[in-house]
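This report concerns only the one structure given below.
The values are calculated or read from the model by the stated rules, or taken from the named source; none is laboratory data. No experiment lies behind these values; they were computed from the predicted model shown. All Cβ positions, glycine included, derive from the backbone under ideal geometry; neighbour counts span all protein chains shown.
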Amino acid sequence: MKSEIALSKLIGALIRDVVDADGMAAQATADFIQSVGFDKGELRMVQFTYDHPDQSGVMKKYVVSVPLLTIVPIPLLGVQEAELSFTTTVVEMSSDEKSAPMLLAKVAPSAGGDDGKQDQANITFTVKMSRTDMPAGISNMMGLLGNKVQVAEAQTEKK
């Protein structure tokens, strides 16, 4: 097993993993919107009734229909900051005339006891996630959904 790696590939792989994680968070948001907000392609609505006096003071029952997505928080999380820390030992520097110089590095083994695992590396990830700004598409969708709120007088059963 070759233990040297181009330093650019090591750093690039770590950065790609952070980007992939951010993409997974975005996909989770899309999945949430789809599963909570829609049922077989139809907008999922929540209905409730309440009593309220009409203009003449007579109590009437009203039905309110509200899109579910307008009353539940949508999880909009993303990577705010990522800190990657590791130690390498430069093994050699290639100097090919046809390409840019490349550093070959070996990830330094983690400090600690000698338990026969000399190839283990000590790489530390610190990822800070936070609520991200609402994308324009979701903001536009929420504006459209806000217009879908309906209030109607409840139909009374006639005996």
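In the stretch 58-74, the residues that are more than 20 Å from E42 (Cα to Cα) form Cβ pairs under 8 Å with partners that are assigned to a loop (DSSP other than H, G, I, E, B), at six or more places apart or across chains, as follows: K60/D54; K60/A154; K61/A154; K61/T156; Y62/A154.
In the condition set (1) at pLDDT below 80; (2) assigned to a loop (DSSP other than H, G, I, E, B); (3) within 37 Å of the chain's Cα centre (by Cα), T124 is compliant with all but (2). For the stretch 25-41, the set of residues classified as surrounded by fewer than 10 Cβ atoms within 10 Å (Cβ to Cβ) and under 15 Å from M141 (Cβ atoms) consists of G41 only.
Considering the stretch 73-96, the residues that are of a type in the set (A, V, I, L, M, F, W, C) and under 18 Å from A25 (Cα atoms) include one that is farthest from the chain's Cα centre (by Cα), namely A82.
Of all residues being exposed (fewer than 11 other Cβ atoms within 10 Å of the Cβ) and among the charged types (D, E, K, R) in the stretch 93-116, which is modelled with the highest pLDDT? Just the residue, please. Only one residue fits best here, namely K98. When the stretch 1-13 is limited to residues that are outside any helix (DSSP H, G or I), among the hydrophobic types (A, V, I, L, M, F, W, C) and exposed (fewer than 14 other Cβ atoms within 10 Å of the Cβ), the one that is nearest to the chain's Cα centre (by Cα) turns out to be A6.
Restrict the check to the stretch 56-71 and report whether at least one residue is at pLDDT 80 or above, at positive phi and loosely packed, with under 10 Cβ neighbours inside 10 Å. Within the stretch 56-71, one or more residues are at pLDDT 80 or above, at positive phi and loosely packed, with under 10 Cβ neighbours inside 10 Å. Listed here are the strands (runs of 3 or more DSSP E) enclosed by the stretch 14-93 that have at least 2 residues being more than 29 Å from L145 (Cα to Cα) and not charged (D, E, K, R): 77-86. Of all residues being surrounded by fewer than 12 Cβ atoms within 10 Å (Cβ to Cβ) and at pLDDT below 90 in the stretch 127-145, which is farthest from Q47 (Cα to Cα)? Just the residue, please. Applying the filter and picking the extreme gives K128.
Here L77 meets the list (1) surrounded by 14 or more Cβ atoms within 10 Å (Cβ to Cβ); (2) free of Cβ contacts under 8 Å to residues at least 12 places away in the same chain almost entirely, failing just condition (2).
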